[in-house]
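The values are calculated or read from the model by the stated rules, or taken from the named source; none is laboratory data. Because the structure is a prediction, the values reported are computed rather than measured. Cβ: placed from backbone, ideal geometry, glycine included. Neighbour counts: every protein chain shown. Side chains are part of the model used for accessible areas, which takes the heavy atoms of the whole protein and leaves out ligands, DNA and RNA. Shrake-Rupley method; radii C 1.70, N 1.55, O 1.52, S 1.80 Å.
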Amino acid sequence: MAEYKSKQVKINKPDQTIYTVLSNFSNFTPIIQDKVEEWQATEDTCSFKAKGFTVKLRMVDKEPFKTIKITGDDMPFEFTFWIQLKGLAADDTRMLLTLRTELNMMMKMIIGNKLQKALDEVAEKIAFGFNSI
């Protein structure tokens, strides 16, 4: 099992605000629907096409204001993705993203660094999005 963790980012919002937005896939519709094909979302599931590949995600566990656990449905490989929040103050929440997936040694060599970079970029974009409103 390969594990990748983003760098920890600071978000200048309460953990409750961040959790409320990130724990409902429907909240992503205004941001994502124009960037992917066939976007569909409910509170706990979403699906879309990106580069001809269908992605189906499902939130499998939520701990209010702390963690959101997401997995893939009907995907060619298994993975689990966590969003972890730690509220330090009313305007100081730290966020960490973690991805665990089964990758053989060859795939780790090919995409491991790209996955790490992508997690860091996603964390930064989420933080930037919240910090700019």
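The table below gives the values:
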read-out: Candidates Gly72, Gly112, Gly52: whichever shows maximal mean-square fluctuation once the chain is modelled as a Gaussian network with Cα springs under 10 Å; value: Gly52
read-out: Cα long-axis angle, helix 105-131 against the chain (0 to 90 degrees, to the nearest 10); value: 20
read-out: Difference of contour (0.36 nm per residue) and Cα-Cα distance, Glu121 to Lys66; value: 17.7 nm
read-out: Volume of the Cα convex hull of region 1-76, divided per residue and given in Å³; value: 131
read-out: Neighbour cut-off at most 13 other Cβ (10 Å), DSSP loop, trypsin sites (Lys or Arg not before Pro), region 20-65; value: Lys35, Lys51
read-out: Accessible area per residue, Å², the chain with all protein chains present, probe 1.4 Å; value: 63
read-out: 5 angstrom amide H check on Asp92, placed H, neighbours 5+ away; value: Lys13
read-out: Exceeding the 24 Å Cα-Cα cut-off - candidates Lys62/Lys108; Lys5/Lys114; Lys10/Lys56; Lys5/Lys108; Lys7/Lys49; value: Lys62/Lys108; Lys10/Lys56; Lys7/Lys49
read-out: Global geometry of the chain, whether rounded, prolate or oblate, following the gyration tensor of its Cα atoms and the 1.5 cut on a/c; value: oblate
read-out: Highest-MSF residue in the chain out of Asn24, Asn113, Asn12 [GNM, Cα springs under 10 Å]; value: Asn113
read-out: Most mobile of Asp61, Asp44, Asp74 in a GNM of the chain (Cα contacts under 10 Å); value: Asp74
read-out: Rounded percent of accessible protein surface that carbon and sulfur make up, the chain, 1.4 Å probe; value: 54
